[in-house]
Amino acid sequence: MLMRELYRLIYLSHNEITGNSNCIHREIGDILAISRKLNADAGITGALMFNKNCFAQILEGAHHRIQETFERIQCDPRHSRVAILDFKPIQNRSFAHWSMAYVGQENLAAQEFMQIQKDSEFDMNRLTGETIFSLLRSHLYAAEQDNSCKV
Ligand code: FAD
């Protein structure tokens, strides 16, 4: 049944947070704090990647829970041009241990993400959900071992 099935949504968006790195760090900290609280309440798991220009996020959970959460996320003025890359049913969660894992711009995965963006000439339409998923999954699988993926 649709409502009970697990889904995974992957999107990209443009950063609209301005200011120095302290301001950006504080805003991201606020986003993560509210996300981790509300996602835990809604049974949503996932990961957020940030690299100055862009956000990439993965949300996993029940269909209606993802919809509710994503409706709020889309309206948030801290980012713009939100583009869904993937929204499909899944068998199992890949980020089961994270109400919202975070990969920041100093991180290797975010640097790889920047390179992927450069290779696609910053054309969002040329990035796939699979690219984002593989990057975050492989990175966070390693990070789970040392619990190092905090803001
Ligand atoms: P309220 O906190 O009542 O805020 C009201 C409005 O103001 C909302 O539109 C909100 O987006 C906006 N707002 C709140 N704080 C600020 C601020 N500092 N500056 C500018 N506008 C602000 N939420 C989740 O629950 N789960 C997630 O996984 C998640 N991921 C996010 C990823 C990104 C990239 C961004 C930018 C936001 C994310 N959020 C997430 C936050 C989400 O957009 C909402 O702010 C949050 O869910 C609270 O919703 P609310 O309706 O209670 O908003």
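The values are calculated or read from the model by the stated rules, or taken from the named source; none is laboratory data. Treat the numbers as computed from the prediction; the structure is a model and nothing was measured. Note: ideal-geometry Cβ built from the backbone for every residue, glycine included; neighbour counts use all protein chains shown.
Restricting to region 119-137, give me the number of residues that are modelled with pLDDT under 85 and under 22 Å from Ile28 (Cβ atoms).
Result for region 119-137: 3.
Among the residues of region 20-36 satisfying the criterion of being closer than 16 Å to Arg72 by Cα and not β-branched (Val, Ile, Thr), which is nearest to the ligand (Cβ to nearest atom)?
If we take residues in region 20-36 being closer than 16 Å to Arg72 by Cα and not β-branched (Val, Ile, Thr), then Ser35 is nearest to the ligand (Cβ to nearest atom).
Across region 39-65, what is the number of residues that are closer than 21 Å to Leu136 by Cα and within 8 Å of the ligand (Cβ to nearest atom)?
8
For region 97-139, which positions are assigned to a helix (DSSP H, G or I), within 15 Å of the ligand (Cβ to nearest atom) and closer than 11 Å to Met49 by Cβ?
Across region 97-139, the qualifying residues are Ala110, Phe113, Ile132, Leu136.
Would you check which residues across region 79-101 are surrounded by 15 or more Cβ atoms within 10 Å (Cβ to Cβ) and of a type outside the set (Phe, Trp, Tyr) and list them? Before you say what the answer is, go through the steps one by one.
Step one: filter region 79-101 for residues surrounded by 15 or more Cβ atoms within 10 Å (Cβ to Cβ), giving 79, 82, 85-87, 93-95, 98-101.
Result: His79, Val82, Leu85, Asp86, Arg93, Ser94, Ser99, Met100, Ala101.
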